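What follows is calculated from the coordinates using simple rules that are stated; it is not laboratory data. This one's a predicted model, so the numbers in the text were calculated from it and none came from an experiment. Glycine gets a Cβ as well: all are built from the backbone with ideal geometry, and neighbour counts include every protein chain shown.
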Amino acid sequence: MPVQHWLTRYHTGVASIDQLHDELFDRMDRVYTDIINKSGAALVSKQVGELADKLIEHLDEEEGEMRASGYAEIEPHIANHRALRTQLAALKKRANAGGNVGTDALDALNQYFTTHIKQFDLPWAKTLAK
Ligand SMILES: [Fe+2]
Ligand SMILES: [Fe+2]
């Protein structure tokens, strides 16, 4: 599933954030490709684990930056991250246990992540750009 063409829709204008978001979308894209190509559960689990770790790292970074800059709307943003973390933990657990990770699980993550960027990352990035 080529995601590049719609990626720019989610660009915040803050280079460091956009770079990381792009990387996360690229990783999701790779996992989709592996699932569709039936590349094997072991590879898919590894990719999902790496994707989840990278995404968690990204959330930590964002929260650190929001704290450092005294962002007024930090609480609802972090609350939304928390829900994403729960989803990621479940996905990782499923992958680690050798459970089947299908495109449905990734769709849910993708859906959540794109909504999160639109609703929370974009408004936050606007305050940084000022
Ligand atoms: Fe983000
Ligand atoms: Fe965020």
Kirkwood-type radius of the chain, with distances r between different C-alpha atoms, in Å: 15.2
Residue of K38, K118, K92 that the Gaussian network model of the chain assigns the largest fluctuation, springs spanning Cα pairs under 10 Å: K38
Proxy reagent accessibility, fewest Cβ within 10 Å first, across I78, I36, I117: I36, I78, I117
Mean separation of Cα contacts under 8 Å, 6 or more apart, over the residue count of the chain: relative contact order %: 35
Candidate lysines - alpha carbon under 21 Å from K46, same-chain residues fewer than 8 apart omitted: K38, K54, K92, K93
Degrees, to the nearest 10: 103-116 long Cα axis against longest axis of the chain: 0
Sorted by Cβ density within 10 Å, fewest first, the residues S69, S45: S69, S45
Sorted by Cβ neighbour density within 10 Å, fewest at the top, the residues L106, L43: L43, L106
Hits among aspartates and glutamates - C-alpha to C-alpha of K126 under 15 Å, sequence gap 8 or more where chains match: D18, E62, E65, E73
